[in-house]
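The values are calculated or read from the model by the stated rules, or taken from the named source; none is laboratory data. The model shown is predicted, which means the values in this text are computed figures rather than measured ones. Using ideal geometry, Cβ is built from the backbone for each residue, glycine included, and neighbour counts are taken over all protein chains shown. In case anyone asks, the SASA skips ligands and DNA or RNA and just uses the protein heavy atoms, side chains included. Shrake-Rupley method; radii C 1.70, N 1.55, O 1.52, S 1.80 Å.
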Amino acid sequence: NDFSKPNPPSKQQFVEGYRAFVERLRTEWDNEQLPILCVVHSTTAAGWVEEMVATMPHTAMVHIPSSIYDSKTDYGASYHPNRSGQTKMSKPIIEHLAKLTGWKIDIKSHSQFAANADLVEIEEETEEAIETAAEFAELED
């Protein structure tokens, strides 16, 4: 929501704040190699964050463009994605997380996601990925 206000941040303000946030996560987890995926919804911020993550090891970015949604079926309250919209967002996020962490996850094709096909199977795969991430975090401790 940084860009929905009358005075949005400058590129420098936004990038400095985002970089500080990522660095704080790594400090809090006491892990400089902690994989971090920056999920960006703003077209304005996408290029800025892409430039930033190119300079940060173990960091990646995925841009979720508004064009991924069907305006009639994928929005809920206040134009936030509903279950259908969230499902469409999950595919690129899961794919990028898999690349960043080395996870082996079989993702359905985009057209199947868009049609909400096999939602139960997709949710099960997502739950397995979350369990794997939790196991990975325990190993790091």
Take LYS72 and decide whether it is touching a Phe, Trp or Tyr at 6+ places or on another chain (Cβ under 8 Å), among the basic types (Lys, Arg) and free of Cβ contacts under 8 Å to residues at least 40 places away in the same chain.
-> no
Counting only residues in segment 48-84 that are open to solvent by less than 70 Å² (accessible area, probe 1.4 Å) and in a loop (DSSP other than H, G, I, E, B), the one farthest from GLU23 (Cα to Cα) is identified as ASP70
In segment 16-46, how many are open to solvent by less than 30 Å² (accessible area, probe 1.4 Å) and assigned to a helix (DSSP H, G or I)?
-> 4
